[in-house]
Amino acid sequence: RAPRGFDYERFRRSLRHPVRGGRPGQDPESRARRDKVKEMMKFAWDNYKQYALGKNELRPLTKNGHIGNMFGGLRGATVVDALDTLYIMELEEEFQEAKNWVEKSFDLNVNGEASLFEVNIRYIGGLLAAYYLTGEEVFKSKALELGEKLLPAFNTPTGIPRGVINLGSGMSWSWGWASAGSSILAEFGTLHLEFLHLSELSGNPVMNIRKVLNRVEKPQGLYPNFLSPVTGNWVQHHVSIGGLGDSFYEYLIKSWLMSDKKDSEAKKMYDDALEAIEKHLVKKSAGGLTYIAEWRAGILDHKMGHLACFSGGMIALGAEHAGEEKKQHYVDLAAEITNTCHESYTRSDTKLGPEAFRFDAGTEAMATRLSERYYILRPEVVESYMYMWRLTHNPKYREWGWEVVKALEKYCRVEAGFSGIRDVYTATPTHDNMQQSFFLAETLKYLYLLFCEDDVLSLDDWVFNTEAHPLPVNHTDFRA
Ligand code: DMJ
């Protein structure tokens, strides 16, 4: 079928709510808190612009840029990740600065090894969201051009892509650390939302991943984290709703929502997966905290990663659309998990949570290993506060979000930006000298939305990708 043009104006008219803008009647306290988060965003952006524009991240202590090795020679991860946040916060001048950089300096003719997953969620997601929010063609054409460069990674016997791709040659291979040439569930399972939009905009259908996953036999209904892109079979039986697994589950429920609830296969896979997770992984600690353990070939590891804390929000989002008989149950489960993640924050000296916390040998929601005590400006806990707030309007979620704002200001704000910290259990932590791009894409966006009215980026119109980039729900076909 010949590609047809996407009718942007028709799409904008179809939105049920304006995407941004202050609403009259908002209570003064929430307005002031929202403005504080906006000031933090401006500070994070201004320092990135001053010291690191065109690099991937800002190093706020040494006041220079960081390039890293995840993006295969692409630059400006912070610019692309920040675009939609700057736009919805009405930081107009700063948005123009970011847009100018994309227009004039964003070079896609690079040659290097990139993570397919990271390029997809940050760059493709960021560019698509910027296009849908503003209608500026430059974002669409860059997204489509970059999407093309990622396609060779899907040329495997099963259609399941490998994790690493050279953006110049199109050669792809598996991560050296992933067992026996396998692909990672959270990586190949976190492409669907963005690639559906790329297909919609370009007219080229892609992706065969869902079919393989639906067909393959699952141990106890669970999805292990490693799968061979050659045979389509699991390579190792490690299951986790945290790192390596996380956003695969998130993209099932969000695929269904983004399809305007038509993709019933995704909904069924989500429902079944969540049931298996509840049956085998959800536990209650001696102190009454609900958590999600990890599973290694049948043996439970009573640990929850910060990454797994997104699941409170995911279950809340699913609960809103669950049948009446299940709804309250899922609202309660989401609230309990979010509460546990909040506990991991309140039990630290900084009121920020560790990278992983455990529930064994008398430990409750605290890190036990030195190597797990750090906080790198991650969003998952405030992400869950935002979804729980929109679902319940219980004011405690706004209070919890405000506690995080205060802690970020006290412990992570430095002279030239925000930095991660190495130990949340000391009131004088050392800094890791890194302002992660997801801090601007996600952490600050979710905090801002927590203090906005519900119709700013309404969940009726938008689905957030796993990097918090809003993609529109397909109410109708907008091809002219
Ligand atoms: C982000 O890139 C995304 O949220 C991803 O899903 C997980 N890791 C970081 C944030 O912690």
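All of the numbers you see were taken from the coordinates with simple rules; none came from a lab. Note that the structure is predicted; figures quoted are calculated from it, not measured. Positions of Cβ are backbone-derived with ideal geometry, glycine not excepted, and every protein chain shown enters the neighbour counts.
On full extension, the segment bounded by N155 and D272 gains 39.2 nm, given 0.36 nm per residue less the C-alpha separation. Over all pairs of different C-alpha atoms in segment 367-480, the reciprocal of the mean inverse distance, the Kirkwood hydrodynamic radius, equals 15.6 Å.
Applying a 4.7 Å Cβ-Cβ cutoff to the chain leaves C412, C452 as cysteine residues with no disulfide-compatible partner.
Taking 0.36 nm per residue of sequence separation and removing the Cα-Cα distance, the K42/S264 pair yields an extension gain of 75.8 nm.
A convex hull fitted to the Cα coordinates of segment 187-274 yields 94 cubic angstrom per residue. The share of Cα pairs per 10 Å bin across segment 164-313, counted from zero up to the longest distance, runs 10, 38, 35, 14, 2, 0 percent. In this structure, the residue pairs whose Cα-Cα separation is over 25 Å, taken from K42/K303; K55/K140; K267/K326; K218/K283; K42/K261; K149/K262, are K42/K303; K42/K261; K149/K262.
Sorted by mean Cβ packing within 10 Å, highest first, what order do the peptides 7-13, 428-434 take?
Details: 7-13: 13.6, 428-434: 16.6.
Ranking the peptides 7-13, 428-434 by packing returns 428-434, 7-13.
Across all directions, the average flat footprint of the convex hull enclosing the Cα atoms of segment 249-364 is 7.9 nm².
Protection proxy ranking, highest mean first, for peptides 310-316, 37-43: 310-316, 37-43, where packing is the per-residue count of other beta-carbon atoms within 10 Å, averaged. Considering all alpha-carbon pairs of the chain, what whole percent are spaced by more than 45 angstrom? Taking all Cα-Cα pairs of the chain, the fraction more than 45 Å apart is 5 percent. In this Cβ point-charge picture (+1 for Lys and Arg, -1 for Asp and Glu), segment 93-202 has a dipole of about 360 debye about its Cα centre.
Residue separation of R10 and I299 scaled by 0.36 nm, minus their Cα-Cα distance, works out to 98.8 nm of gained length.
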